[in-house]
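In what follows, a structure is listed as structure tokens, so that the remarks can point back to it.
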Amino acid sequence: MIEFIGTAAAFLTTCSFLPQALMVLRTKDTAGISLTMYAMFLTGVAAWFVYGVMIASWPVIIANAITFLLAAMIFAVKVQNTLAHGARRPTSIPIAS
């Protein structure tokens, strides 16, 4: 029962990420995505993968390997967009004195 719950959780969380990944790969639109957040997310997923290997849990290993690949593709598109267009900074509004 424990492995079933782990497998179901891994399947659902990985599959929930798929629509976002497909949309970004199709549209190349990453304007609403934080580069820092995705770098942190990739690091966390990689750590979960290593943890899964260390405890020999196939649901953790497979789910995080797939999620890492999808997130790495989005991260690569975000980096390309950032390099091509530069980091967009909000314009400042002058304050009247």
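All of the numbers you see were taken from the coordinates with simple rules; none came from a lab. Predicted, not measured: the structure shown is a model, and the values here were computed from it. Counting neighbours? That spans all protein chains shown, and the Cβs are built from the backbone with ideal geometry, glycine included.
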Out of these labelled values of Cα extents along the principal axes in Å, (i) 65, 33, 19; (ii) 39, 27, 21; (iii) 53, 29, 21, which was calculated from the coordinates shown here?
(i)
Expected output is a single nm value to one decimal: the length gained when fully extending between S16 and A76, i.e. 0.36 nm times separation in residues minus the C-alpha distance. What is it?
19.6 nm
Roughly how far apart, in whole Å, are the Cα centres of segment 53-88 and segment 1-16?
19 Å
Segment 1-94: trypsin sites (Lys or Arg not before Pro) in DSSP loop, at most 16 other beta carbons within 10 Å:
K28, R88
What ³J(HN,Hα) values, in whole Hz, does the Karplus curve 6.51 cos²θ - 1.76 cosθ + 1.60 give for segment 63-80 when θ = phi - 60°, with x put for Gly and Pro?
4, 6, 5, 5, 4, 4, 4, 5, 5, 5, 5, 5, 4, 5, 5, 4, 5, 4
Please compute the length gained on full extension between I5 and M23, using 0.36 nm multiplied by the number of residues separating them and subtracting their Cα-Cα distance.
3.6 nm
